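To keep things clear, I will list the structure first and then write my remarks on it.
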Amino acid sequence: MKNYIVNHAESIINNRYLSKSLFLFFFLAIIVTDIFFDHFALFQFGYLLLCLLIGLAFWRESWVRIVFVGLIVVAKVFLEQTEVFKVHDNAFLRILTLGITYFLTSSSISFMILFYMKQKQNTLQLTFTLAKALDSRDHYTADHSDNVAYYSKRIAEEMNLSKVACERIYIGGILHDIGKIGVPEHILGKPSRLTDEEFAIIKAHPLTGYDMLSHISHLKRSGILDMVLHHHERFDGLGYPSGIAENRIPLAARIMSVADTFDAMTSKRVYRGELDIAFAIKEIQKNAGTQFDPKVVHAFISIWNREGTRLLPKYPLSS
């Protein structure tokens, strides 16, 4: 329940149109109802709620909060029929007190959001640094995490996922192989066939990555940890580490599986050169329904048919 509330609150914060529309709706609703009804305690609560919504909708813009707090105070003073406003000195004190109280109320929410966003950004910068440290260990895969993140986001957008979901999938793509930090370099860069023992170590990297990042609550709450853990699962249940199948695999991980495979096949590796792109496309189509989710493959192929080589990272499109 907590994760559900936090996820939706974050969606509202990040969606500037939704948060501002929500505030304006309640602003008009409370003003209109205050005109026609007289319930002091109810509208005291209503105006405080408006100030909280100001902080939620305009957490970046202090001057906008000041303007709206002023409008709310004027509306409240004009509509409130009490004896205090018949005395000039008391009226001025009342207006000043309301203005300060409402502004501090709205700003407290804004400060908490700013602090949360700052902490989240610092955490992500640290994890991105770790991901880059992984890529720097092998010049053959130096851009792999960036490419997987890019392809994954493009597929998610093609499948009409929300902007927040697409941003999270992008972050998951950056971090998906973070567990390979624990793989010895002689295995990671081995040009010949891996032994069964060496392959078992490679196969452990999703679980290693999950364990490394599991203490970061934002990554768990947003589903990014599940992407790290399950990006090597197969649609037919023959993948690893959990051997889950079809819709039991998180959609983001199913998307990442296609993106990861396409980049792996079209990039130069220590053990082989890059494969022909047409061959890679055919392989992904051939494995729809077995290794890959057919809906994800359909979305990826739709992008490829429309854009061709412009989809490749060396021809990046604006997001």
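Values in this text are rule-based calculations from the coordinates and carry no lab data. Treat the numbers as computed from the prediction; the structure is a model and nothing was measured. In this analysis, Cβ positions are derived from the backbone assuming ideal geometry, glycine residues included, and neighbour counts consider all displayed protein chains.
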Quick one: net charge around Gly237, please, counting Lys, Arg +1 and Asp, Glu -1 for every other residue with C-beta under 13 Å from its C-beta. -1
Can you give me the long-range amide H partners of Phe292? Hydrogens built in the peptide plane at 1.01 Å from N, cutoff under 5 Å, separation of 5 or more residues or another chain. Phe235
Residue by residue, what Karplus-based ³J(HN,Hα) values in Hz, rounded to whole numbers, does the range 200-211 have, using 6.51, -1.76 and 1.60 with θ = phi - 60° and x for Gly and Pro? 4, 5, 4, 5, 7, 5, x, 5, 4, x, 4, 5
For 177-184, 304-311, 259-266, ranked highest to lowest by mean beta-carbon neighbours within 10 Å, the order is 259-266, 177-184, 304-311
Part-to-part distance (alpha-carbon centres) for the range 12-71 and the range 181-248, which is given in Å: 46
Contact order normalised by length for the range 162-228, with contacts defined as Cα pairs under 8 Å and 6 or more residues apart; what percent is it? 46
As a quick test, which of the pairs Lys76/Lys118; Lys132/Lys203; Lys120/Lys153 have an alpha carbon distance above 29 angstrom in this structure? Lys76/Lys118
Using the C-alpha gyration tensor of the range 176-281, what are the square roots of 5 times its eigenvalues, in whole angstrom, with the largest one first? 23, 18, 13
By per-residue mean of other Cβ atoms within 10 Å, what is the highest-first order of 188-200, 112-124, 151-163? 151-163, 112-124, 188-200
